[in-house]
Amino acid sequence: MRGTLIGALAATAVGAAVLTPLPTQAAGWTNSESVSGNGSLPQDAEVAMAADGDAVAVWLRSDGDHDRVQAASSVGGDWSAPVTVSDAGTDAHTPSVAINAAGDAVVTWSSLDAANRMRLAASRRLANGVGWDGRALISPIDEDVTSRAEVALDASGRLLAAYGAADGADNQVRVSLQKKGAVHATSVVSDDSAFLPTLAAAPDGTAYVAWYDVQGPQSQIRGSRLAAGSSTWAASTGVSFPGQHLPFVDAAISADGFTTVVYAGAQGDDTRIQATKIQPSGVVGAPNFVSPSGQDAMLPSVSQNDDGTAITAWRSTDDGDEGIGYATRERTGEWKAGTVSLPAAVTTPGAPRTSISARGTYLIGLSGNGRQLAAYRAHPLQPLTVFDSGPLGFVSEATRVAGDGQGNVLLAGVMKAANPAQGQVHASVLDLAGPTTSLAALPAHRMSAKHVVAWSASDRFSAVASTDLWQRSARWNGGFGAATPVVHDSAGSSAVAGLLPGRTYCYQAQSTDGVSNLGLLSAQRCTTTPTDDRTAKRSAGWKKRTGAKHYRGTVLETRRKGARLVYPGVQAKRVALVVAKVRGGGTVKVRFAGRSWTRKLSGSGARKVVTLGTFSGVRTGKLTITVTSRTGKRVRIDGVLLAR
């Protein structure tokens, strides 16, 4: 099957030197386990996953007197034992967690301080990846935190935490910024009637915060942007038209700052999901309706990759029937809506959560009626697959998802035990990404009839099952042909490939993991064999010589000034001579594609490569070698390297 598909693709890519990468083809659940261990029923579980697949889960669990924040870390899919992060003797509330590509992690929560103010606290994970550095308060003393903080860590480890805050009748959105090892700084980004912010941040520190803003009898979704490297938020702008909205807002951002904000707003008798694009420049686009008319929609979640491709999902109600709707959109395209086919047993689905990868794979996770569900697509051309855990006691609204840089997704939820006051945080990884395969470097040229091509492959969450090695070649005066297999389904790490003269050979490898995910093709590696001396058109004065020390056992020799060799119809990017040097040897001038090179061939040794030049791209034309030394000086030409 793989051979048929990849061969067909390669055959259509005439003239291309790189095979078309194929997407992942399958998926498998791995590393399914209890993260928290059994005990009193956890609450408010949240998860975050780094680009390299490392993850952190946090939740609340009672110590008998107070709710405490606990956390566990995953490295390569293996979870650490949970540790308690928040202080003893006080209740913690609404934990959140973030992790960046460098492995920095932070957890936040709110709790009462000595002045009976609800404050936001933060703790960073230590370098050992397990312990935490203790509590630091990151909200001002003159306000009460009123919502769960939305948190992010940029590439430098700077913490961004957006939250609702109240001081008397004023309700504001505030954002705390804290560099590693520094004191936090807090900014008010809203007016005095703002609630329930959402935060999205890019690795370079560009960020966007959006919130629900009450405006008399109406409301609006507003937002503010933070530029990379800045600590000053721009003046807020309206993201939605004024009207009637529900306080459900979510945002996602690409690495270049392109942002999508989704929210629920009224249209006639319906509550519909709407979306607005914010360009990297900060220009706010017009709102668009995303969910269908004729039904109510709420609780949207949105994810977006760096291409700007986005997925949003929501809970819908249509004539009393509850369901899950979703829509996808390319950066410059329109939203395309669909529905998730829920099992008949799920009549009250919880709020969905989403994840999308750079490859376009995506997942919608939710819980309902004691079940955990995941609707996922491993490739945009494939139908949605729906995973149903069965009636295992999953708590509604408690499912969370997070994805890594390859497209694997962490699905976590709270599962009740037989005693409903007991339970655990359970996590599974949906392995959507195939192995990463790399080819060992190849020499620029080979003069043998065969050689060994070696590779290495690794998979984040599954074992590597097999590897295919593909080969394409181009003659010195022609284009690349179709890909052909060197080996199929090899369990090894190298293969022997045959070589013909006068060709450039390019290789790519592709591996499959233990759950049948097909990884992307490796970067290609190329090598070139010389075009033999006997291939050239010869003027008078050349003599054919033989000898085992020469390439393919032959060489051309002349002592005549002006003797020429011509290779017509060359297609090459890099050119070099293969010669047998002799003491007192002569000089040649080589011309090709408007350039010329003069080389003296005096010395000793056979199969010597004399470098000429490299072009920015493939050049086509006649290559001529002319003897310029005086008659009597020996010149021996063994071949020409004409590399694509």
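Placing unit charges on the Cβ atoms of the charged side chains and taking the dipole of the chain about its Cα centre, the candidate lying farthest along the positive direction among ALA121, VAL173, SER462 is SER462. Axis angle, to the nearest 10 degrees, between helix 2-12 and the longest C-alpha principal axis of the chain: 60 degrees. Pairs of Cα atoms nearer than 8 Å and 6+ residues apart set the relative contact order; for the chain it is 10 percent.
Note down the relative contact order for segment 262-412 as a percent, whole number, built from C-alpha pairs under 8 angstrom at least six residues apart. Intermediate values should be presented prior to the final figure.
Numbers: 394 pairs, mean separation 23.3, N = 151.
15 percent.
The Cβ shell under 12 Å around ALA358 holds other residues with a net charge of -2, Lys and Arg each +1, Asp and Glu each -1. Once you order the gyration tensor axes a ≥ b ≥ c over the Cα atoms, which shape class does segment 189-340 get: rounded for a/c under 1.5, otherwise prolate or oblate by comparing a/b with b/c? Oblate is the answer for segment 189-340, as a/c is 1.5 or above yet b/c matches or exceeds a/b. For segment 53-100 versus segment 295-364, the spacing of their alpha-carbon centroids is 28 Å.
Once you sort the root eigenvalues of the Cα gyration tensor of segment 344-432 as a ≥ b ≥ c, which label holds: rounded (a/c under 1.5), prolate (a/b larger than b/c) or oblate (the other case)? Kindly include the intermediate steps, with their values, before the conclusion.
Values: a/c = 2.67, a/b = 1.76, b/c = 1.52.
Note, shape of segment 344-432 comes out prolate.
Mean sequence separation of contacting Cα pairs (under 8 Å, at least six apart), scaled by the length of segment 344-432, corresponds to a relative contact order of 25 percent. For segment 254-271, putting each phi into the Karplus relation 6.51 cos²θ - 1.76 cosθ + 1.60 with θ = phi - 60° gives couplings of 8, 4, 8, x, 5, 10, 10, 10, 10, 6, 10, x, 7, 9, x, 8, 9, 9 Hz, in residue order, rounded to whole numbers and with x for Gly and Pro. For the chain, the extents of the C-alpha atoms along the principal axes are 103, 50, 50 Å, listed from largest to smallest.
How would you classify segment 478-554 from its alpha-carbon gyration tensor, with a ≥ b ≥ c the square roots of the eigenvalues: rounded for a/c under 1.5, else prolate if a/b is greater than b/c, otherwise oblate? Show your work: numbers first, answer last.
Details: a/c = 4.92, a/b = 2.78, b/c = 1.77.
In terms of gyration-tensor shape, prolate.
Karplus-based coupling profile of segment 390-400, in residue order and whole Hz: x, x, 9, x, 5, 7, 4, 6, 9, 7, 10, with θ = phi - 60° in 6.51 cos²θ - 1.76 cosθ + 1.60 and x standing for Gly or Pro.
Sequence-ordered 3J(HN,Hα) estimates for segment 77-82 from the Karplus curve with 6.51, -1.76 and 1.60 and θ = phi - 60° stand at x, 9, 8, 6, 5, x Hz, glycine and proline given as x.
Dipole check for segment 531-643: with +1 at the C-beta of Lys and Arg, -1 at the C-beta of Asp and Glu, and the Cα centre as origin, the magnitude is about 380 Debye. Its DSSP H runs of at least 4 residues, each contributing -39,500 (n - 2.57), put the calculated 222 nm mean residue ellipticity of the chain at -500 deg cm²/dmol, to the nearest 500. Name the residue farthest towards the positive end of the dipole of the chain from the options ASN38, SER493, HIS93, assuming +1 on Cβ of Lys and Arg, -1 on Cβ of Asp and Glu, about the Cα centre. Farthest towards the positive end: SER493.
Since every read-out is calculated from the coordinates, none of them should be taken as a lab result. Not measured: the values here are computed from a predicted model. Backbone-built Cβ (ideal geometry, glycine too); neighbour counts: all protein chains shown.
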